[in-house]
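The values are calculated or read from the model by the stated rules, or taken from the named source; none is laboratory data. This one's a predicted model, so the numbers in the text were calculated from it and none came from an experiment. Glycine also receives a Cβ, built like all others from the backbone with ideal geometry; neighbour counts cover every protein chain displayed.
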Amino acid sequence: MTQDRTLTLEIFIHMDAVNRNEWQGANDDRPLTELGVKQSQRIAQELSSGSVQALFSSPALRCRQSLEPISQQLNLPVNIAQGFRDTQGYRAPPGWERPDRPGPDPLGGAFSAGSAYAALQDIRAKVPSGRAVLCSYGDIIPALFAFLAGAHDLKLPPRMDAKGALYTMVLGDGHVSLTAREPSAGFPS
């Protein structure tokens with residue numbers, strides 16, 4: 001009898017954070033607002049039903065804080081997934097910048113998707129089956145999904161940028177599926 005090696009990864013974008021244009025500190029240190037704390041408590045309620053083996057986060061404080069309530073509720077540590085860090089607006093990888101092209105660069109998107117994919121492989125190695133939760137950003141998650149859709153000939157789910165929206169990725173031996181759902185009714189906004 002073979003062991004089921006299917007991982008369900010529930011993914012959400014960090015909850016409401018202090019406005020980036022008003023924040024004076026390092027970008028990774030930008031915290032959640034009071035609303036973001038309420039939202040993180042609500043998403044914890046939603047995600048804690050059923051078994052969860054692990055929690056993963058971007059290194060940013062706002063992502064880690066978005067997972068704090070579920071971490072406390074399930075008594076699970078928040079593991080840092082470096083590959084899911086902020087894309088810095090899809091800047092080109094170091095050494096590949098083009099001064100004549102300010103702003104997002106297609107190579108930055110490819111680099112971000114590759115970085116997230118490598119981190120996804122690390123997550124899969126740590127949790128080969130079961131269910132895990134990941135909190136990251138509204139640009140890197142779509143980049144990863146676009147990469148996976150292209151690599152596995154999948155239809156992309158609708159892009160969900162609203163706080164409380166949830167992406168679900170199912171990774172099995174030889175198959176991948178991607179779905180998304182809107183925030184639940186009454187989600188704090």
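Things to note:
- For region 178-189, the tally of residues that are exposed (fewer than 14 other Cβ atoms within 10 Å of the Cβ) and either aromatic (Phe, Trp, Tyr) or free of Cβ contacts under 8 Å to residues at least 24 places away in the same chain (or both) stands at 5.
- Residue in region 162-176 that is at pLDDT below 85 and either closer than 21 Å to Ser49 by Cβ or not β-branched (Val, Ile, Thr) (or both) present: yes
- Restricting the search to strands (runs of 3 or more DSSP E) fully inside region 43-148 and requiring at least 3 residues that are surrounded by fewer than 20 Cβ atoms within 10 Å (Cβ to Cβ) and either touching a residue at least 12 places away in the same chain (Cβ under 8 Å) or small (Gly, Ala, Ser) (or both) gives 78-80.
- Restricting attention to region 149-177 and to residues that are surrounded by 20 or more Cβ atoms within 10 Å (Cβ to Cβ), of a type outside the set (Ser, Thr, Tyr) and not in a loop (DSSP other than H, G, I, E, B), the residue that is farthest from the chain's Cα centre (by Cα) turns out to be Leu171.
- Any chance Ala92 is of a type in the set (A, V, I, L, M) and touching an Asp or Glu at 6+ places or on another chain (Cβ under 9 Å): yes
- Among the residues listed as Ser71, Ser49, Ser66, the single one being closer than 21 Å to Ala165 by Cα, of a type in the set (Ser, Thr, Tyr) and within 12 Å of the chain's Cα centre (by Cα): Ser66
A quick yes/no check of all residues on (1) within 28 Å of Pro31 (Cβ to Cβ); (2) among the hydrophobic types (A, V, I, L, M, F, W, C); (3) modelled with pLDDT of 95 or more:
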position	(1), (2), (3)
Phe56	yes, yes, yes
Pro102	no, no, no
Ala119	yes, yes, yes
Ala143	yes, yes, no
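- Residue, farthest from Phe147 (Cα to Cα), within region 74-100, restricted to residues that are at pLDDT 80 or above and under 15 Å from the mean Cα position of the chain (by Cα): Val78
- Only a single criterion out of (1) without any contact (Cβ under 8 Å) to a residue 12 or more places away in the chain; (2) closer than 19 Å to Arg131 by Cα is not satisfied by Asp4, namely (1).
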